[in-house]
Structure formats: structure tokens, C-alpha cells
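The values are calculated or read from the model by the stated rules, or taken from the named source; none is laboratory data. Only a predicted model underlies this, so the values are computations on that prediction, with no experimental measurement involved. Here the Cβ is made from the backbone with ideal geometry for all residues, glycine too, and neighbour counts use every protein chain on show.
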Amino acid sequence: MNTVTRPRILVVGAGFAGVDCVRRLERRLSPHEADVTLVTPFAYQLYLPLLPQVASGVLTPQSIAISLRRSQKYRTRIIPGGAIGVDLRAKVCVIRTITDRIVNEPYDYIVLAPGSITRTFDIPGLTDHAFGMKTLAEAAYIRDHVISQLDLADASEDPAERASRLQFVVVGGGYAGTETAACLQRLTHAAVERYPRLDPALIKWHLIDIAPKLMPELGDKLGRSALEVLRRRGIEVSLGVSIAKAAEEEVTFTDGRVVPTRTLIWTAGVVASPLIGTLDAETVRGRLAVNADMCLPGEDGVFAVGDSAAVPDLAKGEGAVCPPTAQHASRQGKAVAENVIAALRGQPLRPYRHKDLGLVVDLGGADAVSKPLGVELHGVPAQAVARGYHLAALRTNVAKTRVMTNWLLNAVAGDDFVRTGFQARKAAKLKDFEYTDAYLTKEQVREHVEKARSRAV
Ligand SMILES: Cc1cc2nc3c(=O)[nH]c(=O)nc-3n(C[C@H](O)[C@H](O)[C@H](O)COP(=O)(O)OP(=O)(O)OC[C@H]3O[C@@H](n4cnc5c(N)ncnc54)[C@H](O)[C@@H]3O)c2cc1C
């Protein structure tokens with residue numbers, strides 16, 4: 001440990017886990033006890049559960065991008081960039097700043113909370129033609145893309161082009177995919193009023209999943225209830241089906257159907273950030289294997305939390321690992337801060353334990369299903385719980401007010417079909433949005449750190 005200056009705590013990632021960790025450290029540590037640094041490519045914490053509502057335009061992007069600098073109490077040093085490798089032996093994190101400069105950040109304690117990226121498979125054409133639903137840029141891009149399909153179909157005289165532009169495919173029947181399909185279908189359905197030339201019968205949404213059920217974590221009854229809502233709205237839900245291949249103007253399902261479409265939204269699960277792969281440490285299905293106290297076994301001062309870590313789920317037991325949810329990430333963030341402080345002060349660390357509080361799924365309008373504390377709800381009561389939950393969970397009053405005002409405005413004034421065009425000419429591949437090719441290999445990390453060291457002596 002660095003004994004000349006204050007201990008350095010480095011938190012990687014400003015998501016649910018990272019921000020909650022930093023806020024707790026700021027509250028519980030006096031400024032002379034330790035220096036806290038946060039590495040994050042963006043100046044906000046993204047409230048991911050409402051991302052589908054940004055894609056559908058019910059919420060503006062700004063309303064779910066919560067500022068990291070709202071209060072004068074916040075004293076953490078923020079490095080604008082992404083961690084691209086960690087050398088555990090040298091205790092150095094390698095960072096690519098937003099100006100593409102590569103810098104080394106030494107630490108005494110590191111909390112890894114870089115979240116996850118969209119999980120893809122080796123399906124021909126998938127990574128070139130699918131959009132993800134993980135970043136604010138992706139949601140904003142999808143919104144522009146869907147509206148441009150309506151505009152282009154409206155202007156086209158070619159029936160085949162019209163048909164392909166007005167079909168949309170979402171893969172993934174978890175909450176992210178289900179909410180995305182539900183919210184965007186509402187938008188295109190509402191378009192009928194503003195695009196009188198479009199034949200409403202041509203607008204078709206497909207939601208497919210290889211699993212036999214939608215959102216199995218909701219239980220059979222609520223899963224069926226969500227399915228009924230989607231089918232009532234005209235969304236074609238196909239279970240036990242995935243994508244065989246994707247091309248620019250059509251998608252082939254594994255059951256042989258070929259759907260003409262220019263819109264493939266891929267939400268079939270997540271995988272830990274590629275940063276975890278640079279560590280040379282054990283993983284559980286890609287997530288960093290940590291102990292119940294969120295420490296990396298055998299390493300001094302290394303902690304990991306959130307989607308990127310496999311934290312044992314003590315409430316479930318039997319070798320279970322906490323699922324990648326905001327609920328766990330946020331609580332792990334606070335718990336890990338307490339453990340970093342305990343380690344710093346030579347006190348015992350405490351294991352993380354949290355019993356799942358349930359799930360809320362907003363299907364747009366008055367449609368929702370939720371299961372707070374095991375109580376199964378659907379329709380308006382479920383929607384009240386879902387929206388109340390999100391308002392309570394949003395971190396700042398400004399964000400709560402923005403979201404509430406947006407909901408109200410949308411309920412009163414309906415949808416607008418405005419393309420910003422900001423990203424119209426930019427590449428729209430998954431790797432561009434999620435920076436999956438920005439990372440170093442384990443060997444490159446070591447080489448880079450060693451070179452920097454030898455230059456310094
Ligand atoms: C569409 C959608 C809907 C969801 N709905 C729900 C829901 O209703 N309920 C629920 O509980 N969960 C929901 N989730 C899951 C939930 O959002 C995640 O489990 C949660 O965000 C995980 O928190 P985290 O802190 O681990 O990661 P994140 O919140 O994703 O934060 C990771 C942060 O790290 C940053 N980062 C990434 N790489 C680097 C790097 N190399 N260096 C520095 N920073 C980096 C990212 O920019 C981000 O700010 C949803 C997810 C999605 C995508």
C-alpha cells in the first residue's frame with residue numbers, strides 16, 4: 001500500500017453500482033482519510049430501466065442521464081474515459097481518456113463496476129445489422145431509425161419497400177426486450193394518426209425468444225398476462241425461436257420464416273464488460289468470480305460489483321449468483337463501499353446479502369405487470385407501482401421532475417415523430433455504441449504498464 005500519501009481508491013464505472021459506491025465513500029470517509037477517483041466515459045449515471053421509453057420518445061434522453069456533478073458535496077475526482085485494462089500485480093488501471101490519450105492510474109483499492117455489454121452469438125450478420133438497447137446513444141439512434149422507417153415507407157411507392165420498412169423485430173423476451181417491443185409498438189401504432197398514407201395493417205412487430213416463456217422471473221401467471229397484453233396489441237410473439245441470420249433488408253428466424261425488415265433490435269442478454277477479461281482472474285460465465293464480501297480471492301484491495309461480478313447470492317443459497325439487476329448493483333455498490341472502508345481501517349469485511357424485492361415491467365400507457373415483494377399485479381395498479389418505483393429510484397429531484405413531466409406531457413399531448421438526424425450518417429454497429437473493441441489484451445496491459453514503469457525510472 002502507498003504509505004506516503006493518502007490511500008487511493010479507484011472506482012471504475014459510474015452506473016448503479018459505481019455511483020452508489022462513490023456516494024457512500026464520500027459520505028463515510030473524511031477527505032484526509034483517502035482519495036477517491038471515478039473513471040467514467042460519460043458525465044452521467046444512466047437509469048437503464050427507462051431506456052425503452054427514451055427509444056419510444058416518451059422520455060427525453062436527458063431525463064434519464066443523471067448528472068454526476070449536481071451537488072457541491074461531491075468531491076470525487078472524475079477521470080473522463082474508460083478503463084481498458086487492469087494490471088493486478090502492479091496495481092495499475094490503464095485508461096483511455098475521451099481524447100484518446102492512454103494514461104496509467106495507480107490505486108491501492110479498486111472497485112470494478114463497469115457493468116455489462118450486449119451478449120451476441122455467432123449468428124451470420126448479427127453484429128453488423130442488429131441494434132442493442134444498452135446505451136443512451138443506442139436508444140436515441142433506434143428512435144431516429146424507427147421514425148425514419150415510417151417517413152421512408154410513407155414516401156415510398158414500392159409495396160415491397162413499404163412492407164419491409166414497417167416490420168420490426170425484437171429478439172429477447174426478458175424485461176428489456178419486452179419493454180422495448182411494447183413501448184416502440186405503441187409509438188408506431190400512434191403513427192397511424194400522423195401518417196394518413198400508411199396502411200396500419202402493414203405495421204408489424206415481432207418479439208421472439210428461444211426460451212419457452214416471456215420473463216420467466218415473473219412467474220407463469222404474470223408472464224402469461226404480459227403475453228396477452230402484447231398479443232392484444234398486435235405484437236406477434238414467437239417463443240422457442242431465434243435468429244438464423246440477419247441481413248440489411250431481412251431476418252431469417254430459426255423456424256425458417258424470412259421477415260423483410262430493416263430493424264433488428266437485439267436484447268438477448270448481457271455479458272460482463274470486456275474489461276474483466278483483461279484481469280487474468282477466474283470468471284463465472286464471464287463475470288468476475290468474487291467472494292460474498294465482493295473481494296477478488298487472493299488479491300489485496302480488489303473488489304467487483306454489479307453486472308460485471310458474480311457475487312454469491314446468499315439469500316438464495318445453493319451456489320446461486322446474484323442476477324444482473326439494478327436492484328442488486330445499487331445495493332452492492334453501497335455494501336462494497338463499507339467493505340473498502342473496513343479494509344482501509346483494518347476491520348472485518350461483511351458479506352453481501354439481499355432478498356430480491358421483485359420486478360416491475362412497464363408496457364407503456366396503462367399496461368404493466370409487476371411483482372413487488374411477491375404480490376402479482378397487472379394493469380393500472382402494476383403501472384402505478386412501476387412508475388412509483390422508478391420515481392423513487394431516480395437519484396435526483398431534477399431527474400424525478402423531468403421524468404414525471406415527460407410522462408404527463410406524453411399522456412396529454414401524445415407522441416411526436418421528430419428525427420433529430422444527429423447520428424444519421426454514423427455507423428450503427430453494436431461495437432461502435434458499446435466500444436467493445438477498445439480494450440487491451442492481458443499481455444498488452446502488462447507490456448504497457450512495464451514500459452511506463454521503465455520510462456519512469
Ligand atoms: C433496457 C434495460 C432495462 C432494464 N430494466 C431493469 C429493471 O427494470 N430492473 C432492474 O433491476 N434492472 C434492469 N436492468 C438491468 C440493470 O440496468 C443493470 O443490471 C444495472 O444497470 C447494472 O448496474 P451496473 O452498475 O453493474 O452497470 P451499469 O449501470 O451498466 O453501469 C456501468 C457503468 O460503467 C461504465 N463503463 C463501462 N465500461 C467502462 C470502462 N471500461 N471504464 C469505465 N467505465 C465503464 C458505463 O458507461 C456505465 O456508466 C435493465 C437493463 C436494460 C439494458
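Just a few scattered comments:
- The criterion of at least 2 residues that are within 26 Å of residue 433 (Cβ to Cβ), near the ligand (Cβ under 10 Å from one of its atoms) and of a type outside the set (Asp, Glu) is met, among strands (runs of 3 or more DSSP E) falling completely within the range 1-94, by 8-12, 35-40, 44-46, 77-87.
- Options 259, 241, 271: the member that is in a loop (DSSP other than H, G, I, E, B), crowded, with 16+ Cβ neighbours inside 10 Å, among the aliphatic types (A, V, I, L, M) and modelled with pLDDT of 95 or more: 241
- Just so you know, in the range 145-183 the residues that are among the β-branched types (Val, Ile, Thr) and within 21 Å of the chain's Cα centre (by Cα) include one that is farthest from residue 214 (Cα to Cα), and it is 146.
- Criterion violated by residue 248 - all others in (1) within 30 Å of residue 165 (Cβ to Cβ); (2) within 16 Å of the ligand (Cβ to nearest atom) satisfied: (2)
- Inspection of the range 305-314 identifies at least one residue that is surrounded by fewer than 19 Cβ atoms within 10 Å (Cβ to Cβ), more than 19 Å from the chain's Cα centre (by Cα), over 21 Å from residue 276 (Cα atoms) and away from the ligand (no atom under 16 Å from the Cβ).
- Number of positions in the range 105-115 that are surrounded by 17 or more Cβ atoms within 10 Å (Cβ to Cβ) and out of contact with any Gly (no Cβ under 8 Å at 6 or more places or on another chain): 1
- Boolean, residue 395 is within 19 Å of residue 13 (Cα to Cα) and in a loop (DSSP other than H, G, I, E, B): yes
- Long-range neighbours under 9 Å by Cβ, at least six apart or interchain, first residue part of a strand (DSSP E or B) within the range 317-335, second surrounded by 18 or more Cβ atoms within 10 Å (Cβ to Cβ) and among the acidic types (Asp, Glu): 321/313
- Flag if residue 408 is at pLDDT below 90 and either assigned to a helix (DSSP H, G or I) or in contact with a strand residue (DSSP E or B) (Cβ under 7 Å, 6 or more places away or on another chain) (or both): no
- Conditions (1) surrounded by 13 or more Cβ atoms within 10 Å (Cβ to Cβ); (2) out of contact with any strand residue (DSSP E or B) (no Cβ under 7 Å at 6 or more places or on another chain); (3) of a type outside the set (A, V, I, L, M, F, W, C); (4) assigned by TED's automatic domain parsing to the domain that holds residue 65: number failed by residue 448: (2)
- Within the range 103-115, being touching a Lys or Arg at 6+ places or on another chain (Cβ under 7 Å) and part of a strand (DSSP E or B) holds for one residue alone: 106.
- Check on residue 100, at positive phi, acidic (Asp, Glu) and either within 16 Å of the ligand (Cβ to nearest atom) or out of contact with any Lys or Arg (no Cβ under 7 Å at 6 or more places or on another chain) (or both): yes
- Within the range 279-304, the residues that satisfy the criterion of being within 14 Å of the ligand (Cβ to nearest atom) and outside any loop (DSSP other than H, G, I, E, B) are 287, 288, 303, 304.
- Taking the conditions (1) modelled with pLDDT under 90; (2) under 27 Å from residue 97 (Cα atoms); (3) exposed (fewer than 15 other Cβ atoms within 10 Å of the Cβ) in turn, residue 429 satisfies each one other than (3).
- Unique match (being out of contact with any helix residue (DSSP H, G or I) (no Cβ under 6 Å at 6 or more places or on another chain) and within 16 Å of the ligand (Cβ to nearest atom)) among 353, 387, 345: 387
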